[in-house]
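Reviewing the structure listed below.
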Amino acid sequence: MASVKRRDFSRGMLGLGALFLGALTLAPATASAEAAPKKGGTLIYATLSGPGTLDPHVSSSAVELEVIHNVFEGLVALDNQNATRPMLATKATMSADAKTYTFELRRGVKFHNGDELTSADVKASLERYQRVSPNAKNLADVERYETPDPYTVVLHLKAPNVVLLDVLKSPIFPFMILPASQQDKPARGIDVIGTGPFSLGEWVKDSHLVIKRFDGYVPDTSAPGRDGYAGRKTAYLDAVRYRFIPEATTRIAALQTGEVQLASSIPTELRDRIEQRKELAVREVFPVGGTYVIVNSQYGLTANVLMRQAIGAAIDITEITDATGGVNKANPWMSFPNTPYYLGESAPTPWYDVKSPAKAKELLKKAGYKNEKIIIETNSNYQWMRTTMLVVAEQLKRAGMNVDVKVVDWTTNAAHMQQGTGEWNLSTTLFGPDHILGPQQWRPMIYAFPSIKGNDALDAAYQAFFAAADLEKRRAAWLKIQQQVLGDAYMIKIADSGRLSGYARKLMGQTDYPGILQLWDVWLDQAG
Amino acid sequence: MARLTLMKLLQAVPVILIVSVLAFLLMSLLPGDPAVVIAGDQASPEAIEQVRRNLGLDRPFLEQLGIWFLHLLQGQFGSSLMLNQTVLSAMGERLPVTLSLAGLSIAITLPIGIFVGSIAAYYRQTWVDSLIMGVALLGVSIPGFWIAILSVIVFSVILGWLPSSGYVPIDQSAIEWLRAMILPAIMLSLFQIGFLARMTRSAMLDVLSQDFIRTARSKGLSEWTTVGKHAFRNALILVITTMGILLSTALGGSVVIEQVFALPGVGRLVVQGILARDYPLVQGVMLIYGFVFVAINLAVDLLYTVADPRVRYD
């Protein structure tokens with residue numbers, strides 16, 4: 001029986017992160033260099049659009065999650081170094097056969113309605129998750145839940161699962177705990193009641209949403225301070241008002257006039273407008289995700305691995321990132337540096353940033369290419385995606401390929417990639433941020449986007465991954481997976497990328513942790 | 001009048017029927033899948049299939065069309081997939097914003113458009129006419145999106161006179177409502193003023209060359225009475241026709257203006273609905289807008305009979 005307690009959670013049985021954190025560059029917070037935090041004031045935050053729902057069990061979009069993570073909490077959460085840390089649990093224990101997980105709950109935690117959190121709420125929430133969440137298959141192994149006392153929950157699994165805690169800390173489709181009274185509520189139909197440091201106030205769809213400091217919040221006092229999505233959280237702001245402003249120019253104007261103090265998604269070409277004012281600044285949130293060229297392995301020419309590799313060999317990463325702008329850093333791996341599954345400096349594929357038309361031509365010859373059309377599909381919604389594919393098209397032409405670029409809307413583009421439909425050979429997307437959690441989160445995307453079928457080596461590597469109790473063995477399996485995915489050029493990695501946000505300098509205490517917006521431990525220097 | 005109204009209402013029935021079928025067909029013919037949007041960009045095929053089953057999108061097309069009509073006959077415009085509320089309540093929440101934007105914009109457009117159009121006609125083929133028509137041409141030609149963004153930079157960022165975006169309900173503060181709405185309304189009016197001025201000028205030129213105007217002048221009536229009363233009353237019929245078009249373009253133009261100024265109106269609702277492939281929402285809004293446009297046309301037809309006693313439909 002191995003157990004993971006709060007203090008040593010990240011060094012425990014799963015030990016994710018602990019072995020690889022020697023060279024961490026992530027600072028815990030910027031607060032230390034700033035003045036003492038002050039309570040009070042309302043932060044006004046300009047974001048692209050409003051949430052469709054605040055039901056955490058069905059939420060995957062950033063605009064929803066940046067409210068949800070401030071209102072709800074789960075049993076465990078990602079810490080500052082992307083390892084697992086308890087949030088509503090104090091201790092998680094896995095049995096030797098990896099078929100039983102026991103969670104001990106923090107005592108005295110209150111929901112926004114004043115009720116105390118108990119094991120019945122946890123059981124009801126996870127059962128609801130299994131019923132309504134698009135991500136429910138991650139709990140498919142659960143045979144039954146047991147609640148021997150109000151502060152203990154036991155998950156009995158049908159089959160061994162050594163990565164369950166990694167799954168439970170996912171920030172996307174988060175496994176948040178709701179009051180048991182919400183168990184039978186339909187997807188998107190809950191009352192918004194969590195245990196987080198903020199509770200929901202007014203919400204006017206398409207206009208604004210307000211969250212208010214929850215004065216009954218019970219912080220995790222075992223932690224010295226904030227720690228990723230976990231740790232000791234302190235809400236200083238009286239309230240946060242999210243204003244939904246779709247136009248980037250208008251968001252920046254609102255920041256310039258002082259109507260808002262924080263604005264998301266600042267285009268690189270407009271950052272000067274913010275930086276030229278001394279009271280404003282731009283923050284780089286990095287990394288947010290990884291950008292990839294997706295190669296359809298079930299359609300036409302690109303079913304041939306040599307064709308896919310030829311395309312990979314033709315691509316010049318710097319040309320692409322120079323053209324798209326934004327915050328980008330080259331990285332041949334599918335995991336971010338400073339995360340447990342990052343495997344080092346060398347590349348898992350010989351095709352990363354080769355930029356060799358000659359090599360591509362050689363592979364094309366081997367593939368028997370006869371100037372047939374290669375169809376690139378991109379979309380009209382995301383300029384960086386369009387630019388990426390236009391540059392890729394030119395690079396492929398340089399290597400002697402006959403390329404046709406087709407522009408559709410993002411919804412269609414995404415559906416084609418996710419479902420393997422449509423007529424296209426190449427497209428592009430950004431994956432993030434959940435895949436920092438590891439290969440288990442990557443799996444559905446790896447198989448779906450490039451439509452991988454019948455790759456026995458990949459299947460075997462994934463089987464080995466899920467069967468290995470030892471992290472080193474799982475890392476070895478992850479190497480093999482990446483060698484298949486990138487080496488056989490089902491996906492071609494471009495870079496790790498970040499985003500820019502603009503803020504008023506009087507907004508203090510923003511974390512350097514590049515996750516979804518966290519509004520605890522931040523304060524306004526001149527409140528009001 | 002009652003017979004005329006009844007006749008017009010009956011004529012509207014097939015129009016509404018065609019609009020409702022088109023609304024359903026257009027959204028269904030669009031590529032893309034609401035289940036993908038709801039399940040998230042990175043959801044697995046199983047997750048998407050689960051969402052599709054939950055929403056009833058896996059049913060045959062004709063069955064979905066049948067359900068849509070059945071619900072319409074029961075007065076149900078459907079429920080939004082994204083918002084977890086009915087189309088009527090979603091529209092009800094946002095309609096005050098769009099109506100106040102369109103109303104304020106028309107209130108700005110009418111006096112200015114008619115006045116400058118009349119002045120241009122009166123001073124036809126002089127520099128005054130050229131200047132007014134030149135500016136009017138700019139009004140109808142400049143892209144609304146561009147001028148709206150420029151106005152935010154000038155009036156909010158540089159001059160600091162008005163808020164850059166957002167909406168304040170009129171019952172909360174009439175002054176703040178006006179401060180929030182005046183810039184969007186003016187931007188929405190630019191096209192309309194240009195359009196109305198050109199139409200008014202054309203109508204007035206036509207009337208000013210008529211014999212009865214020469215008669216009015218020759219019997220010694222003042223220019224004000226001649227132009228303001230005799231000429232204008234006769235030009236009014238064209239202005240009434242134009243008003244119907246103005247109202248329609250105000251509702252249509254609000255889509256862009258609401259987007260730039262972050263106003264939570266129906267236009268923005270439709271844009272989000274289309275992007276999210278929220279079929280019931282967009283279909284419902286299209287249908288309700290269909291009703292509104294039919295009502296506007298009906299009102300214009302009836303106003304003709306008031307403005308011009310010669311107009312009879314029977």
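The values are calculated or read from the model by the stated rules, or taken from the named source; none is laboratory data. These figures come from a predicted structure and were not determined experimentally. Here the Cβ is made from the backbone with ideal geometry for all residues, glycine too, and neighbour counts use every protein chain on show.
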For A:Glu146, are the conditions met, namely being away from chain B (no Cβ under 14 Å), of a type outside the set (Ser, Thr, Tyr) and outside any loop (DSSP other than H, G, I, E, B)? yes
Answer yes if at least one residue in the range B:140-148 is within 14 Å of chain A (Cβ to nearest Cβ), of a type in the set (Gly, Ala, Ser), closer than 29 Å to A:Phe244 by Cα and in a helix (DSSP H, G or I), and no otherwise. yes
Qualifying positions in the range A:317-332 - free of Cβ contacts under 8 Å to residues at least 60 places away in the same chain and part of a loop (DSSP other than H, G, I, E, B): A:Gly325
By residue number, the members of the range A:207-226 that are out of contact with any strand residue (DSSP E or B) (no Cβ under 6 Å at 6 or more places or on another chain) and surrounded by 24 or more Cβ atoms within 10 Å (Cβ to Cβ) are A:Arg226
Hey, B:Thr242 touching a residue at least 12 places away in the same chain (Cβ under 8 Å) and either in a helix (DSSP H, G or I) or surrounded by fewer than 17 Cβ atoms within 10 Å (Cβ to Cβ) (or both) or not: yes
When you scan the range A:280-288, do you find a residue that is more than 23 Å from the chain's Cα centre (by Cα) and surrounded by fewer than 23 Cβ atoms within 10 Å (Cβ to Cβ), even just one? yes
Scan the range A:259-279 for residues that are assigned to a helix (DSSP H, G or I), of a type in the set (A, V, I, L, M) and crowded, with 17+ Cβ neighbours inside 10 Å and jot them down. A:Ile274
Quick count over the range A:481-517, residues being over 19 Å from the mean Cα position of the chain (by Cα) and surrounded by fewer than 19 Cβ atoms within 10 Å (Cβ to Cβ), is 3
Can you report the number of residues in the range B:157-180 which are free of Cβ contacts under 8 Å to residues at least 12 places away in the same chain and within 11 Å of another protein chain (Cβ to nearest Cβ)? 5
The range A:94-143: number of residues that are free of Cβ contacts under 8 Å to residues at least 60 places away in the same chain, within 14 Å of another protein chain (Cβ to nearest Cβ), of a type in the set (A, V, I, L, M, F, W, C) and not in a loop (DSSP other than H, G, I, E, B): 2
Please work out which one of (1) of a type outside the set (D, E, K, R); (2) more than 33 Å from the chain's Cα centre (by Cα); (3) within 12 Å of another protein chain (Cβ to nearest Cβ) is the condition B:Pro60 fails and give its number. (3)
With A:Ala140, A:Ala187 as the choices, which residue is buried (at least 17 other Cβ atoms within 10 Å of the Cβ), out of contact with any strand residue (DSSP E or B) (no Cβ under 8 Å at 6 or more places or on another chain) and modelled with pLDDT under 90? A:Ala187
Within the range B:204-226, the residues that are assigned to a helix (DSSP H, G or I), surrounded by 14 or more Cβ atoms within 10 Å (Cβ to Cβ) and without any contact (Cβ under 8 Å) to a residue 40 or more places away in the chain are B:Asp206, B:Val207, B:Ile213, B:Ala216, B:Arg217, B:Thr226
Taking the conditions exactly as written (aromatic (Phe, Trp, Tyr), in contact (Cβ under 8 Å) with a residue 60 or more places away in the chain and assigned to a helix (DSSP H, G or I)), does A:Trp520 satisfy them or not? no
Given the structure, is A:Val58 modelled with pLDDT of 95 or more, surrounded by 23 or more Cβ atoms within 10 Å (Cβ to Cβ) and more than 17 Å from A:Tyr217 (Cβ to Cβ)? no
Answer yes if at least one residue in the range A:431-453 is within 14 Å of another protein chain (Cβ to nearest Cβ), touching an Asp or Glu at 6+ places or on another chain (Cβ under 6 Å), of a type in the set (Gly, Ala, Ser) and over 19 Å from A:Leu306 (Cβ atoms), and no otherwise. no
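Residue-wise test of (1) assigned to a loop (DSSP other than H, G, I, E, B); (2) small (Gly, Ala, Ser); (3) touching a residue at least 12 places away in the same chain (Cβ under 8 Å).
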residue	(1), (2), (3)
A:Pro160	yes, no, yes
A:Ile172	yes, no, yes
A:Ala187	yes, yes, yes
A:Ile193	yes, no, yes
A:Gly201	no, yes, yes
Restricting to the range B:63-86, and then to whatever is touching a residue at least 40 places away in the same chain (Cβ under 8 Å) and within 14 Å of chain A (Cβ to nearest Cβ), can you tell me which residue is surrounded by the most Cβ atoms within 10 Å (Cβ to Cβ)? B:Ser80
When residues of the range A:234-258 are filtered for being more than 14 Å from chain B (Cβ to nearest Cβ) and crowded, with 24+ Cβ neighbours inside 10 Å, how many remain? 3
Within the range A:118-136, identify whether any single residue is over 26 Å from A:Pro186 (Cβ atoms), within 25 Å of the chain's Cα centre (by Cα) and surrounded by fewer than 19 Cβ atoms within 10 Å (Cβ to Cβ), and answer yes or no. no
Would you mention how many residues in the range B:101-127 are in a helix (DSSP H, G or I) and surrounded by fewer than 21 Cβ atoms within 10 Å (Cβ to Cβ)? 12
Residue in the range A:464-471 that is among the charged types (D, E, K, R) and either within 16 Å of B:Pro45 (Cβ to Cβ) or assigned to a helix (DSSP H, G or I) (or both) present: no
Out of all the residues in the range A:173-193, which are of a type outside the set (Phe, Trp, Tyr) and in contact with a Leu (Cβ under 7 Å, 6 or more places away or on another chain)? A:Ile177, A:Ile190, A:Val192, A:Ile193
Does B:Pro264 meet the test of being under 30 Å from B:Ile153 (Cβ atoms) and either part of a helix (DSSP H, G or I) or touching a helix residue (DSSP H, G or I) at 6+ places or on another chain (Cβ under 6 Å) (or both)? yes
So, in the range A:205-226, of the ones that are in a strand (DSSP E or B) and out of contact with any Leu (no Cβ under 9 Å at 6 or more places or on another chain), which residue ends up nearest to the other protein chains (Cβ to nearest Cβ)? A:His208
Can you find a residue in the range A:428-436 that is surrounded by fewer than 23 Cβ atoms within 10 Å (Cβ to Cβ) and modelled with pLDDT of 85 or more? yes
Single match in A:Ala27, A:Ala46 (criterion: at pLDDT 90 or above, hydrophobic (A, V, I, L, M, F, W, C) and either in contact with a helix residue (DSSP H, G or I) (Cβ under 7 Å, 6 or more places away or on another chain) or in a loop (DSSP other than H, G, I, E, B) (or both)): A:Ala46
Of all residues in the range A:63-106, which are charged (D, E, K, R) and under 30 Å from A:Leu262 (Cα atoms)? A:Glu64, A:Glu66, A:Glu73, A:Asp79, A:Arg85
